Amino acid sequence: MLGRIVKGIAGFYYVNTGSSSVYECKAKGIFRKDNIKPLVGDDVEIEIIDDEKGVGNIIKILPRRNQLVRPPVANVDQAVILFAIVKPDPNYNILDKFLIQMRRNKLPVVICFNKQDIATKEEQQELMDAYEKCGYEVIFISVHEGAGIDTLCEKLKGKTSVIAGPSGVGKSSLLNRLHPEAEMETGELSKKIHRGKNTTRHSEMFFIPSLSDEEEKTYIFDTPGFTSLALKDVTPEDLPLFYPEFEPYEPSCRFGGCSHIAEPDCGVKEALEKGEISRVRYDNYKIIYEELKNMKPNYR
């Protein structure tokens with residue numbers, strides 16, 4: 001029987017084989033032998049051990065279209081990076097690291113800023129100037145009041161989206177608005193595995209029936225919140241590649257491989273002084289560049 005892993009906790013994988021059929025499965029030992037770990041989002045083949053109790057084994061993982069390391073999920077169409085405009089103020093360091101990670105994985109990104117109802121127009125415009133002008137799609141919403149939710153739903157429809165962001169920005173509240181049954185489903189599962197639910201501590205995938213039809217299924221990954229995010233396998237020399245707004249100005253740099261930090265006659269810094277590149281983004285680029293330089297001995 002074919003299905004999709006919608007949750008994984010403590011070696012148990014919950015496989016959805018239809019709109020309401022979920023089996024609690026263990027992975028066959030061959031996966032451990034081959035150092036393969038099933039991921040939420042994997043399409044799998046399972047064997048049924050007890051149909052009445054809903055228990056089975058995963059016997060095959062179908063080929064993945066892609067996978068992320070953090071959050072550890074597979075077969076994603078796009079990422080929705082969720083931050084609050086205020087309370088808490090956006091941490092640009094974490095936001096840009098999320099964007100770098102998704103760009104490395106060639107995933108389209110929608111940046112979604114919540115709490116529009118308590119933010120000023122100036123605060124929203126600063127974020128729009130920083131991120132929309134460098135090629136990212138930016139949506140402002142209020143989960144509390146429902147503003148912007150229809151626009152977001154259009155972006156989610158017919159796709160498998162991972163919602164990622166730091167703690168306290170409203171991910172669980174957004175999921176409950178998009179899929180009110182999610183809290184009930186999670187509560188029932190918590191009873192089954194004898195775990196309470198206070199905050200999201202694992203990745204979980206939800207089918208969103210209100211945004212689906214027979215041809216286009218909509219899934220959303222709910223993922224743990226992050227307070228920090230380390231970039232692995234990115235060198236300081238590679239970092240400019242993850243800032244797409246730099247590219248048009250790099251041919252004007254005097255030196256090949258310009259870091260856009262201390263070199264003279266730098267096209268990127270000239271564009272910065274003219275207001276053509278966001279000061280917020282550039283200042284954060286310098287911070288991340290220094291972090292990567294300090295980590296350099298650990299690379300490769």
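The values are calculated or read from the model by the stated rules, or taken from the named source; none is laboratory data. Please read these numbers as outputs of a predicted model, since none were measured by experiment. Cβ placement follows ideal geometry from the backbone for every residue including glycine, while neighbour counts extend to all protein chains displayed. Accessible surface is based on the protein model in full, side chains and every heavy atom, while ligands, DNA and RNA are left aside. Shrake-Rupley method; radii C 1.70, N 1.55, O 1.52, S 1.80 Å.
Taking into account only those residues within the stretch 195-208 that are open to solvent by 70 Å² or more (accessible area, probe 1.4 Å) and under 21 Å from N16 (Cβ atoms), which is modelled with the highest pLDDT?
Restricting attention to the stretch 195-208, the residues satisfying the condition of being open to solvent by 70 Å² or more (accessible area, probe 1.4 Å) are 195-199, 201.
Adding the requirement that they be under 21 Å from N16 (Cβ atoms) leaves 195, 197, 201.
On the way: R195: 41, K197: 42, R201: 59.
By that ranking, first place goes to R201.
Looking only at the stretch 129-155, which residues are of a type in the set (A, V, I, L, M, F, W, C) and out of contact with any strand residue (DSSP E or B) (no Cβ under 7 Å at 6 or more places or on another chain)?
Going through the stretch 129-155, the residues of a type in the set (A, V, I, L, M, F, W, C) turn out to be 130, 134, 138-141, 143, 147, 149, 152-153.
Listed by number, the residues that qualify are A130, C134, A147, I149, C153.
Looking at (1) part of a helix (DSSP H, G or I); (2) at pLDDT below 70; (3) closer than 24 Å to R281 by Cβ; (4) not β-branched (V, I, T), which is the one condition that is false for E188?
(3)
For the stretch 173-185, which positions are at pLDDT below 85 and open to solvent by 20 Å² or more (accessible area, probe 1.4 Å)?
Here is the first cut: in the stretch 173-185, the ones at pLDDT below 85 are 180-185.
The answer is P180, E181, E183, M184, E185.
Quick check on my filter: what residues within the stretch 242-274 are under 14 Å from L292 (Cβ atoms) and free of Cβ contacts under 8 Å to residues at least 60 places away in the same chain? If you could, list the steps in order and put the result at the bottom.
Initially, the stretch 242-274 is screened for residues under 14 Å from L292 (Cβ atoms), giving 242-243, 259-261.
Result: S259, H260, I261.
Those residues that are open to solvent by 40 Å² or more (accessible area, probe 1.4 Å) and at negative phi, I need them from the stretch 3-16; list them, please.
Kept after step one, since they are open to solvent by 40 Å² or more (accessible area, probe 1.4 Å), are these residues of the stretch 3-16: 10, 12.
Within the stretch 3-16, just F12 meets the criteria.
Check G158 against each of (1) touching a strand residue (DSSP E or B) at 6+ places or on another chain (Cβ under 8 Å); (2) small (G, A, S); (3) modelled with pLDDT under 95; (4) under 23 Å from S210 (Cβ atoms) and name the one condition it does not meet.
Of the numbered conditions (1) touching a strand residue (DSSP E or B) at 6+ places or on another chain (Cβ under 8 Å); (2) small (G, A, S); (3) modelled with pLDDT under 95; (4) under 23 Å from S210 (Cβ atoms), the odd one out for G158 is (1).
Quick check on L231: is it modelled with pLDDT under 95, in contact with a Cys (Cβ under 8 Å, 6 or more places away or on another chain) and open to solvent by less than 40 Å² (accessible area, probe 1.4 Å)?
On the way: modelled with pLDDT under 95: yes; in contact with a Cys (Cβ under 8 Å, 6 or more places away or on another chain): no; open to solvent by less than 40 Å² (accessible area, probe 1.4 Å): yes.
Judged against the criteria, L231 is not a match.
Can you say whether E214 is surrounded by 13 or more Cβ atoms within 10 Å (Cβ to Cβ) and of a type in the set (D, E, K, R), as far as the supplied structure shows? Outline the logic, then answer.
Working: surrounded by 13 or more Cβ atoms within 10 Å (Cβ to Cβ): no; of a type in the set (D, E, K, R): yes.
Considered against the rule, which asks whether it is surrounded by 13 or more Cβ atoms within 10 Å (Cβ to Cβ) and of a type in the set (D, E, K, R), E214 comes out as no.
Would you confirm whether or not the stretch 258-275 contains a residue that is of a type in the set (K, R) and within 23 Å of N91 (Cβ to Cβ)? Working first, answer last.
Looking only at the stretch 258-275, we keep the residues that are of a type in the set (K, R), and these are 269, 274.
Checking the rest, the ones that are also within 23 Å of N91 (Cβ to Cβ) come to none.
No, the stretch 258-275 contains no residue that is of a type in the set (K, R) and within 23 Å of N91 (Cβ to Cβ).
Can you tell me which residues in the stretch 67-100 are at pLDDT 90 or above, out of contact with any Phe, Trp or Tyr (no Cβ under 7 Å at 6 or more places or on another chain), not hydrophobic (A, V, I, L, M, F, W, C) and not in a strand (DSSP E or B)?
N75, D77, K87, P88, D89, N91, Y92, N93, D96, K97
Of a type in the set (D, E, K, R), under 23 Å from E123 (Cβ atoms), open to solvent by less than 80 Å² (accessible area, probe 1.4 Å) and modelled with pLDDT of 95 or more: is that true of D265 in this structure?
Numbers: of a type in the set (D, E, K, R): yes; under 23 Å from E123 (Cβ atoms): no; open to solvent by less than 80 Å² (accessible area, probe 1.4 Å): yes; modelled with pLDDT of 95 or more: yes.
Criteria not met by D265.
Please give the number of the condition G165 fails out of (1) of a type in the set (G, A, S); (2) in contact with a helix residue (DSSP H, G or I) (Cβ under 8 Å, 6 or more places away or on another chain); (3) surrounded by fewer than 16 Cβ atoms within 10 Å (Cβ to Cβ).
Only one criterion in (1) of a type in the set (G, A, S); (2) in contact with a helix residue (DSSP H, G or I) (Cβ under 8 Å, 6 or more places away or on another chain); (3) surrounded by fewer than 16 Cβ atoms within 10 Å (Cβ to Cβ) is unmet by G165, namely (3).
Return yes or no: is E215 modelled with pLDDT under 95, farther than 30 Å from A84 by Cα and out of contact with any Lys or Arg (no Cβ under 9 Å at 6 or more places or on another chain)? Talk me through it step by step, then tell me what you get.
On the way: modelled with pLDDT under 95: yes; farther than 30 Å from A84 by Cα: yes; out of contact with any Lys or Arg (no Cβ under 9 Å at 6 or more places or on another chain): yes.
The answer is yes for E215.
Please verify whether K155 is closer than 29 Å to K7 by Cα and not in a loop (DSSP other than H, G, I, E, B), treating the condition exactly as stated.
Numbers: closer than 29 Å to K7 by Cα: yes; not in a loop (DSSP other than H, G, I, E, B): yes.
In short, yes.
For the stretch 119-146, which residues satisfy the criterion of being more than 13 Å from F83 (Cβ to Cβ), assigned to a helix (DSSP H, G or I) and of a type in the set (S, T, N, Q)?
The answer is Q125, and nothing else.
Just a yes or no: is a residue in the stretch 126-139 open to solvent by less than 50 Å² (accessible area, probe 1.4 Å), modelled with pLDDT of 90 or more and within 20 Å of P71 (Cβ to Cβ)?
So the first thing to find is which residues in the stretch 126-139 are open to solvent by less than 50 Å² (accessible area, probe 1.4 Å), and the list is 127-128, 130-131, 134, 136, 138-139.
So of that shortlist, the ones also modelled with pLDDT of 90 or more come out as 127-128, 130-131, 136, 138-139.
If we keep only those that are within 20 Å of P71 (Cβ to Cβ) as well, we get 136.
Looking for residues that are open to solvent by less than 50 Å² (accessible area, probe 1.4 Å), modelled with pLDDT of 90 or more and within 20 Å of P71 (Cβ to Cβ), one finds at least one in the stretch 126-139, hence yes.
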